[in-house]
Amino acid sequence: MDLSDRDVPPRPASARRVAALCLCLLACPRATAQVDETPPLRLGGVLPGGVRVSTTESWGAFDFSLTNLTDVDRQARVLVFYDGRPDLQYGRDVWVPARATLATWLLVGPASPQPSARAREIQMLLYERAGKEERLILPRGEERVRSRAVLYQKRAAFTAVLLDEEPPEEIVFGQLPQPDSANDEALRLVRTFRQAHELSESVQIVGAGPMPPAPEAFDGVDHFVLASGRVAHDPAGSQALRRWVERGGTLWVMLDRVEPDVIAPLLGDALDFQVVDRVSLTSFQVESQPPGPNVAEAPAQRHERPVDFVRVLLPAEERVRHTVDGWPAWFVRRVGRGKVVFTTLGPRGWYRPRTRTDPPSPFEFFPALPVSLPHLQVLSVELPPRPEEDSAPDEAFQTALTEEIGYAVVGRGTAGLIFGTFLLATLALGLILRRGRRPELLGWLGPAAALGAAGAFVALGEWSRRAVPPTVAAAQVVDAVAGTEEAPVHGLLALYRPDSGPADVGATKGGFFELDMTGLEEQNRRLIRTDLDSWHWENLSLPAGVRRAPYRFTAPTGEPLAAAARLGPEGVEGTLATGPFHDLEDALLHAPGVRDLSIRLGPDGAFRAGGGDVLPPGQFAAGAVLSDRQQRRQDLYRTFLRPSEVGRLDDRPVLLAWARPIDMPFALAPEARTVGMALLRIPLRLERPAPGTSVTIPAPFLPCRRLVRGGATRLTLESRQGADMRLRFQLPAAVLPLAVERARLTAKIDAPGRRVTVAVFADGVPAEIHRAESPFDPVRVDIADARLLLPDEGGGLHVNLTVGGAREGGGTGVRQVDEKWTIEYLELEITGRTAAEK
């Protein structure tokens, strides 16, 4: 029997079971399979971290972690944005090894407005990347976007403290109360300082681990207190901290807890002091320098537990404000635009316990907060909150950059000419057609003329736009840092694009700029950081025209930017090193006085200036006739040397000069031409002249301060009330001790209806040298009597200025009037001889 021809009966039951199984598989929803699938990456954390654990109206760092759950290395992208602002996203690209967890950070921009006063809602997206392709990894559950609330604090004066990591406190039953730890004492001092400055009690303790390696992460901090040496083991964070200081930050270093070697990388040549030894004191007194009846003295202190004190040797010419047994209690160093304040006395030497006779503590959670002593109140003046960014320099640069680009819209004159031609042509056509008895033709000739006028505008606009190639114009302000081969640069750039379209902008070698995004709210832009010094914008398209951006970066200079000078018989002369900056022009020496010195630049960086180079008030360039460029520079000088800016320079002599700009580390427009300007600001270092040298000290080098009870303050320049002011002119430390041979007092005081008298002191007794009724014209008084020219112990010459009450009428009919008096300038020029060599 042939089995091949045999009929095989069907198996209906088995077929039905297979069919049912297939239908079940087909009916299963795809989403169920995705939920059961284990995601390759897991996102955790995403909270404000680094130097502050709250978000605010400044840039800050967010900490997060990524876990790779697979056996394959993966590329990931994390995006963070504020709720309601999906158009502005901040991201970080990272590589996560297989079966590993990566803890890192990303920068997030200023917080957007939200209804809540204590929290901000953020949203997060996680992508897996492969080349240019990316796949969104959804969170488990029904949510499509990860979201959470983070702590928010409105931008205010903020202090962060770096402390030593302490082991957990061990509780021992029956143990006597232990004294406060070093960390507790440091925190108490910081809070007492904030109370003296009338700030809140909020102090941020920087957590364990490294600090953010980007200086932008410190933007939300006003004071950074270094009370630990662990920064030495964080080179990236230390570099970011240094650059933050160079750009205007304030660093407080407690030398009783930090070794000088730890902070050496932060300071460069500012580390010009030497630690002699470390001692412990049980009884001491902090003394004010120079002492005087108008200076508040701190009481003598006695402590059962010794207070640490670091004895520091400063440069010989430096004068300090407070001392302990002749050693400085604190001192200041400038680093770029910022400053570093050093304290050598332990925390308990700056405050006293609060007693029942004292008012209650203003801090609710710290009712036993100590009371600040006078030297801490003086120190708090050196630690002001970081001022808000002043937009005036950027506004002043805008006009200059527009002129550098050469781009302009159609002018009013041209527009008026086109409109006038259109109207005249329409009127002429109307008259011609009326005389020709064809007025109906005006119905289409009029619109044709209008189209011609519109076409002329379009053609002129297109010609104006195309006449200038893509251009990057930059206004750079360069602040020298002594002893380092780099300099912080900030300013304003203007990017001109004749065409609209996608923009590939970012940075590959550090630095940061904030491009004006006005009108781009509909674009979902991404700021992606790919490495420590590399970031770029994605999904950004810019219209044709000019876009401006404030920026900042740190430029390598090859050599330290420096200006060194000596005082001699003709004034000041010195040398200037400018590294990559060339073609210096319109140099200016801005000293503590009201007026400035015009610098005469010579070959090889030599310069000189004397008393005859003093410029009139409000003038910043020599010469009666100024070019257009010089006039723009003078306007910019006027902006940068306003009283607020002068205060920021801390009365240091500073040399300013204009130069060609250097290349910036930004990718803005391929093959664009580069134009612009650079303003150098280099602190002047005065060197000691040879012994027995005759020197002339120009008036701007003699800062004038008004002595009042408790210390010195700025001279009152205007008032409606009479005034009796004791003034002190400080001689430069580089020439002390100096035998003053003669002096010239120069002043311009406008005091209608008032008597003005000027006196100097001989053996403590004022001797009148000038008197004027209703002065208006400049006054010049020469003083040659050696008895009237004896400096005090600190190298200061004292002058008494009295402005009487305003009067009107004469005889018995004199009555007081309320009229303002003003001092335009009041200066002293000194000629003397340095001490002979012993």
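The values are calculated or read from the model by the stated rules, or taken from the named source; none is laboratory data. As the structure is a prediction and not an experimental result, all values here were calculated from the model. Cβ sites come from the backbone with ideal geometry, for glycine too, and all protein chains shown count toward neighbours. The protein model used for the area step is the full one, side chains on, heavy atoms only, and it has no ligands, DNA or RNA in it. Shrake-Rupley method; radii C 1.70, N 1.55, O 1.52, S 1.80 Å.
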Close pairs (9 angstrom Cβ cut-off, 6 or more residues apart or separate chains): in contact (Cβ under 8 Å) with a residue 12 or more places away in the chain and among the acidic types (Asp, Glu) in region 179-193, in a loop (DSSP other than H, G, I, E, B) and buried (at least 17 other Cβ atoms within 10 Å of the Cβ) anywhere | 185/346
State yes or no: is residue 184 farther than 30 Å from residue 75 by Cα and surrounded by fewer than 16 Cβ atoms within 10 Å (Cβ to Cβ)?
-> yes
Which residues, taken from region 707-735, are open to solvent by 60 Å² or more (accessible area, probe 1.4 Å) and either touching a Leu at 6+ places or on another chain (Cβ under 6 Å) or in a helix (DSSP H, G or I) (or both)?
-> 726
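Keeping to region 750-771, report how many residues are open to solvent by 20 Å² or more (accessible area, probe 1.4 Å), of a type in the set (A, V, I, L, M, F, W, C) and either touching a strand residue (DSSP E or B) at 6+ places or on another chain (Cβ under 8 Å) or part of a loop (DSSP other than H, G, I, E, B) (or both). Lay out the reasoning, then the answer.
Here is the first cut: in region 750-771, the ones open to solvent by 20 Å² or more (accessible area, probe 1.4 Å) are 750, 752-753, 755, 757, 761, 763-771.
Right, trim to of a type in the set (A, V, I, L, M, F, W, C) and you get 761, 765, 767, 769.
Then keep just the ones that are either touching a strand residue (DSSP E or B) at 6+ places or on another chain (Cβ under 8 Å) or part of a loop (DSSP other than H, G, I, E, B) (or both); that gives 761, 767, 769.
Here the count works out to 3.
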Across region 596-626, what is the number of residues that are out of contact with any helix residue (DSSP H, G or I) (no Cβ under 6 Å at 6 or more places or on another chain), surrounded by fewer than 21 Cβ atoms within 10 Å (Cβ to Cβ) and part of a loop (DSSP other than H, G, I, E, B)?
-> 12
Single residue of region 647-669 satisfying the filter (open to solvent by 20 Å² or more (accessible area, probe 1.4 Å) and at pLDDT below 80) that is farthest from residue 334 (Cα to Cα) = 647
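Would you confirm whether or not region 401-424 contains a residue that is touching an Asp or Glu at 6+ places or on another chain (Cβ under 9 Å), modelled with pLDDT under 90 and farther than 21 Å from residue 257 by Cβ?
Start the filter on region 401-424 by keeping residues that are touching an Asp or Glu at 6+ places or on another chain (Cβ under 9 Å), which leaves 403.
Now restrict to residues that are modelled with pLDDT under 90: 403.
Subsequent filtering for residues that are farther than 21 Å from residue 257 by Cβ retains 403.
Yes: one or more hits.
Answer yes or no as to whether residue 226 is modelled with pLDDT of 90 or more and more than 29 Å from residue 489 (Cα to Cα).
Values: modelled with pLDDT of 90 or more: yes; more than 29 Å from residue 489 (Cα to Cα): no.
Spelling it out, it is not the case that residue 226 is modelled with pLDDT of 90 or more and more than 29 Å from residue 489 (Cα to Cα).
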Any hit, region 797-811, residues being within 37 Å of the chain's Cα centre (by Cα), closer than 18 Å to residue 704 by Cα and open to solvent by 30 Å² or more (accessible area, probe 1.4 Å) = yes
Select, from 739, 747, 743, the only residue that is over 37 Å from the mean Cα position of the chain (by Cα), assigned to a strand (DSSP E or B) and crowded, with 20+ Cβ neighbours inside 10 Å.
-> 743
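Here's a check for you: in region 155-175, which residue that is assigned to a loop (DSSP other than H, G, I, E, B) and under 16 Å from residue 61 (Cα atoms) is modelled with the lowest pLDDT? Give the derivation first.
As a first pass, look at region 155-175 and keep what is assigned to a loop (DSSP other than H, G, I, E, B): 155-158, 164-175.
From what's left, under 16 Å from residue 61 (Cα atoms): 155, 158.
Values: 155: 88, 158: 93.
Result: 155.
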Look at region 685-695 and say how many of its residues are open to solvent by 20 Å² or more (accessible area, probe 1.4 Å) and either at positive phi or of a type outside the set (A, V, I, L, M) (or both).
-> 7
If you go through region 35-64, how many residues are closer than 15 Å to residue 148 by Cα and of a type in the set (Ser, Thr, Tyr)?
-> 2
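When you check residue 296 against the structure, is it more than 23 Å from the chain's Cα centre (by Cα), in a helix (DSSP H, G or I) and at pLDDT below 95, yes or no? Explain how you work it out, then say what you get.
On the way: more than 23 Å from the chain's Cα centre (by Cα): yes; in a helix (DSSP H, G or I): no; at pLDDT below 95: yes.
Taking the combined requirement at face value, the residue does not satisfy it.
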Among (1) in contact with a helix residue (DSSP H, G or I) (Cβ under 6 Å, 6 or more places away or on another chain); (2) closer than 30 Å to residue 476 by Cβ; (3) hydrophobic (A, V, I, L, M, F, W, C); (4) surrounded by fewer than 18 Cβ atoms within 10 Å (Cβ to Cβ) - the single one residue 275 does not satisfy = (2)
Pull up region 68-100, narrow it to residues that are in contact with a strand residue (DSSP E or B) (Cβ under 9 Å, 6 or more places away or on another chain) and of a type in the set (Asp, Glu), then point me to the one that is nearest to residue 43 (Cα to Cα).
-> 93
Does region 230-245 include one or more residues that are of a type in the set (Gly, Ala, Ser) and not in a helix (DSSP H, G or I)?
-> no
Any pair with Cβ under 6 angstrom, 6 or more apart, that starts in region 758-783 at a residue that is at pLDDT below 90 and ends at one that is open to solvent by 80 Å² or more (accessible area, probe 1.4 Å) | 762/787
From the residues in region 521-564 that are in contact with a Leu (Cβ under 6 Å, 6 or more places away or on another chain) and of a type in the set (A, V, I, L, M), which one is surrounded by the fewest Cβ atoms within 10 Å (Cβ to Cβ)?
-> 549
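Could you count how many residues in region 772-784 are in a strand (DSSP E or B) and open to solvent by less than 90 Å² (accessible area, probe 1.4 Å)? Walk me through how you get there before you give the answer.
Start the filter on region 772-784 by keeping residues that are in a strand (DSSP E or B), which leaves 772-773, 779-783.
Of the ones still in play, those that are also open to solvent by less than 90 Å² (accessible area, probe 1.4 Å) are 772, 779, 781, 783.
Of the residues in that region, 4 qualify.
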Scan region 601-620 and give yes if some residue there is within 27 Å of the chain's Cα centre (by Cα) and among the hydrophobic types (A, V, I, L, M, F, W, C), otherwise no.
-> yes
Would a scan of region 257-279 turn up a residue that is touching a Gly at 6+ places or on another chain (Cβ under 6 Å), of a type outside the set (Val, Ile, Thr), at pLDDT below 95 and closer than 29 Å to residue 681 by Cβ?
-> yes
Which residues, counting only those in region 250-265, are open to solvent by 10 Å² or more (accessible area, probe 1.4 Å) and part of a helix (DSSP H, G or I)?
-> 260, 261, 262, 264, 265
Give me the pairs, please: first residue somewhere in region 632-647 and closer than 21 Å to residue 385 by Cβ, second residue anywhere and open to solvent by 60 Å² or more (accessible area, probe 1.4 Å) and at pLDDT below 80, beta-carbon distance under 8 Å, and either six or more positions apart or on two chains.
-> 644/387
Residue 222 passes all but one of (1) open to solvent by 20 Å² or more (accessible area, probe 1.4 Å); (2) in contact (Cβ under 8 Å) with a residue 24 or more places away in the chain; (3) charged (D, E, K, R); which number fails?
-> (1)
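With the structure loaded, tell me whether residue 679 is under 22 Å from the mean Cα position of the chain (by Cα) and either modelled with pLDDT of 85 or more or open to solvent by less than 30 Å² (accessible area, probe 1.4 Å) (or both) or whether it fails that test. Before the answer, list the steps.
Numbers: under 22 Å from the mean Cα position of the chain (by Cα): yes; either modelled with pLDDT of 85 or more or open to solvent by less than 30 Å² (accessible area, probe 1.4 Å) (or both): yes.
Judged against the criteria, residue 679 is a match.
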